Amino acid sequence: MHWIILPVVLPAMVAPLIGFVMRWDITLARSASVATTILLVGISIGLAVMASGGETFLYKLGNWPAPFGIVLVLDRLSALMVLLTTVLALIVLIHAIATGWDNRGRHFHALFQFQLMGICGAFLTGDVFNLFVFFEVLLIASYGLMIHSGGKDRMRAGLQYVVMNLAGSTLFLFALGTLYASTGTLNIADLAERIPQIPPEEAALVRVAAILLMIVFAVKAALFPVQFWLPATYANAPAPVAALFAIMTKVGAYAILRVHTTAFGPGIPGTEGLAGTWLFPAAIVTIAIGAIGVLGARRLMPLIGFSVVGSMGTLLVAVAAFSPTATSAALYYMVHSTFAAACLFLIADLVVSRRSADRLIPEPATVQNGLFAALFFAAAIAMAGMPPLSGFLGKLLVLDAMREPGVMGWAWSAILIGSLLTILGFARAGSTLFWKSTAMTPEADNSGLEDVAPPNHATALQVAPSMLALAVLAALAAFAGPVSAYLEDTSAQLFDRDGYVAAVLEQPEEG
Amino acid sequence: MSHEGTLLIIIALLPFVGALVPGVMIRAGRTACAWFTAVPTALALIMLLILAPDVMRGEVIQAELQWMPQLGLSASFFLDGLGLLFACMITGVGLLIILYARFYLSGDDPMGQFYTYLLLFQGAMLGIVLSDNILLLLIFWELTSLSSFLLIGYWKHLPEGRQGAKMALTVTGAGGLAMIAGMLILGNIVGSYNLTDILQAGDQIKASEWYLPALILILLGVFTKSAQFPFHFWLPHAMAAPTPVSAYLHSATMVKAGVFLMARMWPALAGTDAWFYIVATTGLITMVMGALIALFKDDLKALLAFSTVSHLGLLTMLLGFGTQAAAVAAVFHIINHLTFKAALFMTAGIIDHEAHTRDIKRLGGLRHLMPITFLIGTVAALSMAGIPLFNGFLSKEMMLEEASHTKWLDSYYVVPVLATFGALLSVAYSFRFISHVFLGPVRDDYPSNPHDPPAGMWLAPALLCTLVIVIGVAPFLADGIVRAAASAVTGAELDPHLKIWHGVTPALWMSIIAVLGGLVLLLLHRPLDKAWIATPRPEAKAIFDALIMSVVALMRRITDATHNGAISRYLAIFTVASVALGWIAYSGSGLSAPTRELLPVPIVIAVGWVMLVVATVSVVVMHHHRFRALVLIGIIGLSISAGFVYLSAPDLALTQISVETVTIMLLLLALHFLPKVTPAESSGAMRFRDGIIALAAGGGVGALAYAFLMRDIETISDYHIANSYEGGGGTNVVNVILVDFRGYDTFGEIIVLGIAGLVIYALMHALLDGPAARRLKNTDYTQDRSRDRHPLMMVVVTRVLMPIAVVVGIYIFLRGHNQPGGGFVAGLVIAIALLMQYMASGFAWTQERKKIEYHTMIGLGVVIAALTGVGSWLAGRPFLTSAYTYVHLPPIEEFELATAMLFDLGVFLTVLGAVMLMLYSLSRIARSAGETVNEAAMDYDPGEHVEDAKGGT
């Protein structure tokens, strides 16, 4: 039964060892980090299998009964998110090691493991204050990763990242204070039980708490108007870190799904519809900002960053409906967009590290131009939502779920026009990077007799993570049927509030 | 699934599987590569021919694989007459193109890539014509756009190729997206995405209020794909692709996808006024306009491109008529256009390949130099002109016949006259193609020596020309396939009989007018051409480019203006949003009645409150002077601690005081390396704005706090208070909450602290490797330094204080479980004691006496805390379950041992380690700023001087 807490405890134990015992030997640190991540993937597969039956598992920390102690809750959704995190982490980690990024600053692997611990902890917890704690863990670890290996622009972007997110954390505390003062509890299931008992005409405080929490999560999910930090952060972070951050925005989306469905969600008179009303227009604007940014980008990394913003918009449009159908569409799109974004950053890293910078200007073609072009093309069509990869199916699912009159027009136009701008932006970027470059001749090599440096070919290990991410996207498309069946169950379980409350609060005493 | 169904799925998948082959087989040579590309295509064609007899009998072969039932998406395929016709065209022409491209591409072109793209396209195109599910069809539809993008941009070093590729992708991509919306609406009307269902629900669709939006959206996709006015402009620019691509995608197959879809959807969508006026009119305009522009194009491929536009318009118009006879004509013309146009493109490619130019004005007289090419080109062009005995004539007659009795609005003349005019132009440019390229005298200024190409290159067009003549002479041979396809289009059993002679009909007269008029136009071409060149026309590419450029520029401006990196603005927006949404949420409901009375304010508290307010306002006013601001912040912190004491929260007060002390000390040290004054960065107006925002936010938080302080609520804390001693073994509820009830939170928080230490350490290293290090070195700090950095008095006092502080720390740690205190505070107290040593005696001196590394201390702390948690697993309990017992060891009184204390030890170590690591990082910065390292504890050690004095005597 201790399996549930392993995704938190394992990296929490390994990270200090890597950071303090193994810090002088990169090989040792790498081995430990990779081994841990592989173990985590195994554990999360196990958890997903456990949860797939539909049972909600409870882990009572300190053996205190909920809601008085903290509980971890494993259901299909949290299992899915943990699995998503660990698989992504393994891909990113291999890339970071193969490209040597991990060795360009201190403590990469320790921070990486702490980061995993924070993300997994946030997905598994059943307590909003504990969610805050893990938000802190993942924020501080991500800040460390974000500024890994330093540099002026990175430091500046890192400062913005951490300041914006600390502001979010402060608001989180205000929201939690208000929530506790108006409900007397912090356990999500207990909230779900207590909030419906508040008379709707006396719900002002809990409504404030709900909306403030939504803003807090929106900061993480890069939703308009608090998305400003994301493009610069992703653009200046080390590429593997940016790839890992693909899951960070999903933490925000997950938190909205979990808290605003279970605690404030449909059917609760005081707070019903509050989040969706504001989430929807904000998500529409977010799509627009993303698409506009993609087309207007001057550099490759911000371009990808903006495409992440746009994909978060699409995801949250579906989330805002707070209905089981739309949620399962959102979940499919979430899995897809996580890997698509990560894949783009990894591929961009392979390309940019062989160019002078990531500015979208023609430069002589790099080695393996064809390979990089093919990878970029595949990842870009995934991100832009073109077939045959999962992006197209995800987009169709979201569109299909948005049929409410009054919602349809906005959602469809935003998503479809946004797709067009994104496609155009990626086509322009790819054409400049991979096509125009072939018309340029490298500057004359003065050295004559001896080659200064052998062309920097990407090794198989450097390309493998990007390919792996693409393979995941392809598999997601090929097995769309079974995957969405699972996600439908996931979403049904999420909307079964009574089942969740019963599982958490009325758990029979264990021996 | 039936045997036929399996074959069908194999046909659909073959090209995709085959696409993997050429990229590899190119290593075996170009010819081998071509052969291996031909195999999947040929196999697909053979399988189609095996299925053909059944289909011709009117059977529909179906196959279905489940894919995503939740969405209504299934990999289902069906093969009827229309699908068979197109599938045969795609694979058949595909084979010819593979052959042609083998000889067309030069040795420098990456042929493996070309064939891979080509097969990908072929698969996508086959998918479109075989799909029995409109979502699946959409997937293939978008795939054709993508593969076409790759093929147009194949010569990636050429700007025309890149621009043409982007333009084609933009236009067809936009149409594709509109079509997604249209198809989803259509599926919604019918309740199924299955084509078979949709085709049978025609009446239901046309009666729906959503019919028109769906129609328009779908037609947007169709018109962009099939290059209909006003979206036709991308097609000529797509001609930057290698000629085999132009012949295959942009004349024979892909551009016909739009036409195909109209034919496919004919039973579901056609037959309404909206259909007629939108589709037929667009087709008519496109036909005439395309033909007119074609006449004046000098580039052979451009001429053919606009002629293709024109013929696509013709097909669109026919389908738009919505009559069965028109549908038959359309189907027949699809076949005929395919044969002659593909042959013409290949001819153009041959000429380009041999003469190194495609400019008609630089050609002429090739008849003598390239007799075979001349023959092929002429046959195909005559067919295009619609001359009897060539197949183009037959379908054009049928078109004119249909046009002759079509009423547009109230006029019986508009359609026939314009159709005849279009046909006339078509004759003119076809004749021009023959006469200006092949006829006339041989010139001596060709860029290269033209001669007939190797057989491999002319074989494919020759084959097509044979078809042109065979069908032209014996049209009944095509009866079967036309019947099958047209029946599939209309959904009715048709039995057309294709023949050359229909008697003297209006169509014949229209044809005669067209041919004669065309000849006249050709004779007048020179003056007309001059007039054409002199007439200003909108240049589609310039408009498109300008549009894209301005859109990109606009997007860039928006992005730059909004994401300008001004953190103060981001925060202002964040704050405004929070306040506004908070207010909106609040005003949507009300509060419960307050249950508490306001307490009287004692005078001491009022004074404290005023002090707090004054200090806070002073920070705002004086924050430019950083040291002053820091001192004021210290005052605020202490006032808050006092507040905690007043409100009976000694634990909080203790923590607050020690945290305050440590942070202020560290900040003071850090400030040493920073400018002492913050520059003013915002204008008065901005400060005013920010002030308002800050007041609103502060007021909001205050109001919120007031609202909930006035109300009682039943909380889970009651349980904590009740169970603290019995369950947690401690009487200090705060500490039991921290290390037991919510020990997991504390576990997370000490990790945050540990990570912070790590990050600061990593950050320090990153900074010292960067430009900041240079700045540090070059800044002169000597002025700020005291002469006596480590004064005797301070050294002595801190050393005396040290053991006392340590004892206090241990005391606080031990009493924590029952009285105010605990590992966190204890860690801070010890840290303060050590900090004082460092400050008094210098870092190096202290460092030497340090036994445990700080990194290790943090690591040990986290691991001890975690192990404490894991330890409970051994007892079969969850993580962090506590246990305690009472021990009596004489002579000490009975005392308690709790696992929670072990956990608290972890907290203690982490806190201490993190603080000291921060201090260490600061001292590293100090050393790199040029600070000298002291060996001794004091800069001026009186003891040494005494020794010196003694030694001296």
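The values are calculated or read from the model by the stated rules, or taken from the named source; none is laboratory data. Note that this is a predicted model, so its numbers are computed, not measured. Glycine gets a Cβ as well: all are built from the backbone with ideal geometry, and neighbour counts include every protein chain shown. Areas reflect the complete protein model, heavy atoms only, side chains present, ligands, DNA and RNA absent. Shrake-Rupley method; radii C 1.70, N 1.55, O 1.52, S 1.80 Å.
Couple of notes before you dig in:
- Stokes-Einstein translational diffusion, the range B:541-586 - Kirkwood Rh over all Cα pairs, 0.890 mPa s, 25 °C, in µm²/s: 187 µm²/s
- Excluding exposed DSSP-loop GluC sites (Glu not before Pro) (at most 14 other C-beta within 10 Å), longest clean stretch of chain A: A:56-442
- For the range B:495-601, the set of chymotrypsin sites (Phe, Trp or Tyr not before Pro) satisfying both a DSSP loop assignment and a count of at most 14 other C-beta atoms within 10 Å is given as B:501.
- Restricting the chymotrypsin sites (Phe, Trp or Tyr not before Pro) of the range B:399-464 to loop positions (DSSP other than H, G, I, E, B) with no more than 13 neighbouring Cβ atoms within 10 Å leaves B:412, B:413.
- Scattering from the range B:302-409 was approximated by placing one identical point on each alpha carbon and applying the Debye formula without solvent; log10 I(q)/I(0) at 0.10, 0.11, 0.16 1/Å stands at -0.34, -0.40, -0.73.
- Mean separation of Cα pairs under 8 Å and 6 or more residues apart, divided by the residue count, gives chain B a relative contact order of 8 percent.
- For chain B, with all protein chains in place and a probe radius of 1.4 Å, 69% of the accessible heavy-atom surface sits on carbon or sulfur.
- At least 20 Å² of accessible area lost relative to the chain alone, listed for the range B:754-771 with a 1.4 Å probe: B:755, B:758, B:759, B:761, B:762, B:763, B:765, B:766
- Calculated SAXS-style log₁₀ I(q)/I(0) at q = 0.12, 0.16, 0.23, 0.29 Å⁻¹ - the range A:52-105, Debye, Cα scatterers: -0.50, -0.66, -0.85, -1.04
- Which listed pairs, of A:250/A:395; B:301/B:341; B:225/B:396, have C-alpha distances above 19 Å, in listed order: B:225/B:396
- Where only C-alpha atoms are counted, convex hull volume of the range B:731-953 per residue in Å³: 168 Å³
- Average Cα contact separation per residue, the range B:731-953, under 8 Å, 6 or more apart, as relative contact order %: 32 percent
- Accessible surface computed residue by residue for the range B:731-953, with neighbouring protein chains in place and a 1.4 Å probe, gives 47 Å² per residue.
- B versus A: buried accessible surface, summed, Å² (probe 1.4 Å, to nearest 100): 10600 Å²
- Whole-angstrom gap from the range B:616-643 to the range B:1-74, using each part's C-alpha centre: 77 Å
- Over chain B, the Kirkwood radius and the radius of gyration, each from Cα atoms, give a ratio Rg/Rh of 1.21.
- Number of partner chain Cβ atoms within 10 Å, mean per residue of B:551-561: 5
- With a 10 Å cut-off around each Cβ of A:270-277, the average count of Cβ atoms from other chains is 2.
- Computed with a 1.4 Å probe over protein heavy atoms only, the accessible area of residue B:88 comes to about 40 Å².
- Stokes-Einstein D (µm²/s) once Rh is taken as the Kirkwood radius of the range B:460-598 over alpha-carbon pairs, at 4 °C in 1.567 mPa s: 51 µm²/s
- Kirkwood-type radius of the range B:448-542, with distances r between different C-alpha atoms, in Å: 18.6 Å
- q = 0.04, 0.06, 0.09 Å⁻¹: log10 I(q)/I(0) that the Debye formula gives for the protein assembly as shown, counting C-alpha atoms only: -0.32, -0.66, -1.18
- Rounded to the nearest angstrom and listed largest first, the equivalent-ellipsoid semi-axes of the range B:811-886 from its Cα gyration tensor are 32, 17, 8.
- With the simple spin-label model, which puts each label point 7 Å out from Cα in the Cβ direction, the residue B:411 to residue B:631 separation comes to 9.2 nm.
- Reachable lysines, given that their alpha-carbon falls under 27 Å from the alpha-carbon of residue B:676 and they are not under 8 places away in the same chain: A:152, B:777
- Note on residue B:788: accessible area is roughly 60 Å² with a 1.4 Å probe, heavy atoms of protein only.
- Residue A:173-residue B:593 pseudo-label distance in nm [points 7 Å out on the Cα-to-Cβ vector]: 3.5 nm
- Quarter the surface of the alpha carbon convex hull of the range B:91-138 and you get the mean projected area, 3.7 square nanometres.
- The percentage of C-alpha pairs in chain A whose separation is greater than 42 Å is 15%.
- Taking every alpha-carbon pair within the range A:127-173, the share separated by more than 11 Å comes to 66 percent.
- Low-density loop positions, chymotrypsin sites (Phe, Trp or Tyr not before Pro), the range B:167-262 - DSSP coil, at most 15 other Cβ in 10 Å: B:210
- Helical segments meeting 18 Å axial Cα length and Kyte-Doolittle 1.0 threshold in chain A (DSSP H): A:26-52, A:76-98, A:108-124, A:128-146, A:204-221, A:239-262, A:274-296, A:300-320, A:324-352, A:369-384, A:408-430, A:460-478
- Calculated on C-alpha atoms, the gyration radius of the range A:79-123 divided by its Kirkwood radius gives an Rg/Rh of 1.02.
- Taking 19 Å as the straight-line reach from the Cα of residue B:541, the aspartates and glutamates in range (excluding those fewer than 8 positions away in the same chain) are B:160, B:298, B:299.
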